[in-house]
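Only one structure is covered here, and it is reproduced in the block below.
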């Protein structure tokens, strides 16, 4: 575009700058009725393509797979992606925003529902992602197949689901992003004598082998909640996340290299907090 700037009058350059900014806005493709045999329902998925997608027809782009795709507007995702692309702060990537169905049943841990039978369809949801959605999208878009360039992320219960899916499928996803993750998910009610027992994701990780070359990004807000079941002065959201990080460290992952933890002072369990930290997450996931 620089050659064009030299050929137009000065008073038109403002409009040219507006045009250039518009060109940096990701293009959104909407798949409203993708039928899933595993879930036995139609799923809506939105695909955000960087503006350079059509300019570089030979390139494959890294991918961010995101639960609760219906919340991307609330999390100001389009504005954040546009700004980071314009400022050249991140590598251009494709966003796959998967709208939730029955999130209480479809999110969770695939191997085991919680003690109230919530998450009973988490296994079917995982199979939908692995067996149906990933192959479908890879046939239609130039996506990187390298697991190291594929990140799965989510908010709250969607964050627990994202971590569980990535942990169980390292051949597809080598990075996980969790915003205020529901790592309290447990297979028995809280036992006052041992309030931190029976947490499903913690037991899964504790009994696992290390997955090579995986990276993890965790965020909690100090006002995520008020509950403190073990009365140690730390809210459960932070306790559960920090405890999971400790288990990952026991497997050999290193904080700072493999694990990034962001604790937001006065951060709440809502889209406003998650939107404020989204640039940090995207720069971690897709660094220049």
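The values are calculated or read from the model by the stated rules, or taken from the named source; none is laboratory data. These figures come from a predicted structure and were not determined experimentally. Note that each Cβ is placed from the backbone with ideal geometry, even for glycine, and that neighbours are counted across all protein chains shown.
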Check: In segment 35-61, how many are surrounded by fewer than 18 Cβ atoms within 10 Å (Cβ to Cβ), under 21 Å from the mean Cα position of the chain (by Cα) and in a strand (DSSP E or B)?
Finding: 1
Item checked: Count of residues meeting criterion [loosely packed, with under 13 Cβ neighbours inside 10 Å and in contact with a strand residue (DSSP E or B) (Cβ under 9 Å, 6 or more places away or on another chain)] in segment 130-144 -> 1
Next item on the list: Identify the residue in segment 107-128 that is within 16 Å of the chain's Cα centre (by Cα) and crowded, with 24+ Cβ neighbours inside 10 Å and, among all such residues, is nearest to residue 63 (Cα to Cα).
Entry: 125
Note to self: Return the residues of segment 111-131 that are in contact with a helix residue (DSSP H, G or I) (Cβ under 9 Å, 6 or more places away or on another chain) and either without any contact (Cβ under 8 Å) to a residue 60 or more places away in the chain or not in a helix (DSSP H, G or I) (or both); say none if nothing qualifies.
What the structure shows: 111, 112, 113, 114, 117, 118, 119, 120, 121, 122, 126, 130
Item checked: Some residue of segment 198-206 being crowded, with 19+ Cβ neighbours inside 10 Å, closer than 27 Å to residue 77 by Cβ and modelled with pLDDT of 95 or more -> yes
Next item on the list: Just name the residue that is surrounded by the most Cβ atoms within 10 Å (Cβ to Cβ) out of those in segment 81-94 that are touching a residue at least 24 places away in the same chain (Cβ under 8 Å) and in a loop (DSSP other than H, G, I, E, B).
Entry: 93
Check: In the list 75, 97, which residue meets the criterion of being in a loop (DSSP other than H, G, I, E, B), surrounded by 14 or more Cβ atoms within 10 Å (Cβ to Cβ), modelled with pLDDT of 90 or more and touching a strand residue (DSSP E or B) at 6+ places or on another chain (Cβ under 8 Å)?
Finding: 75
Note to self: Out of 183, 173, I need the residue that is within 24 Å of residue 224 (Cα to Cα), in a loop (DSSP other than H, G, I, E, B) and either in contact with a helix residue (DSSP H, G or I) (Cβ under 6 Å, 6 or more places away or on another chain) or at pLDDT below 95 (or both). Which one?
What the structure shows: 183
Checklist line | Residue satisfying all of: in segment 268-288; out of contact with any strand residue (DSSP E or B) (no Cβ under 8 Å at 6 or more places or on another chain) and either assigned to a helix (DSSP H, G or I) or touching a residue at least 40 places away in the same chain (Cβ under 8 Å) (or both); farthest from residue 68 (Cα to Cα) among these | finding: 279
Checklist line | Condition check for residue 152: under 18 Å from residue 46 (Cα atoms), surrounded by 23 or more Cβ atoms within 10 Å (Cβ to Cβ), within 17 Å of the chain's Cα centre (by Cα) and touching a residue at least 12 places away in the same chain (Cβ under 8 Å) | finding: yes
Checklist line | Matching residues in segment 216-245 - criterion: being farther than 17 Å from residue 186 by Cα and assigned to a loop (DSSP other than H, G, I, E, B) | finding: 224, 225, 226, 231, 232, 233, 234
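Residue by residue, here is whether (1) touching a strand residue (DSSP E or B) at 6+ places or on another chain (Cβ under 9 Å); (2) surrounded by fewer than 18 Cβ atoms within 10 Å (Cβ to Cβ) holds:
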position	(1), (2)
191	no, yes
196	no, yes
209	no, yes
222	yes, yes
234	no, yes
237	yes, no
260	yes, no
263	yes, yes
Check: Within segment 62-72, which residues are outside any loop (DSSP other than H, G, I, E, B) and either more than 15 Å from residue 28 (Cβ to Cβ) or touching a strand residue (DSSP E or B) at 6+ places or on another chain (Cβ under 7 Å) (or both)?
Finding: 63, 64, 65, 66, 69, 71
Item checked: residue 254, sole failed condition from (1) free of Cβ contacts under 8 Å to residues at least 60 places away in the same chain; (2) over 22 Å from residue 150 (Cα atoms) -> (2)
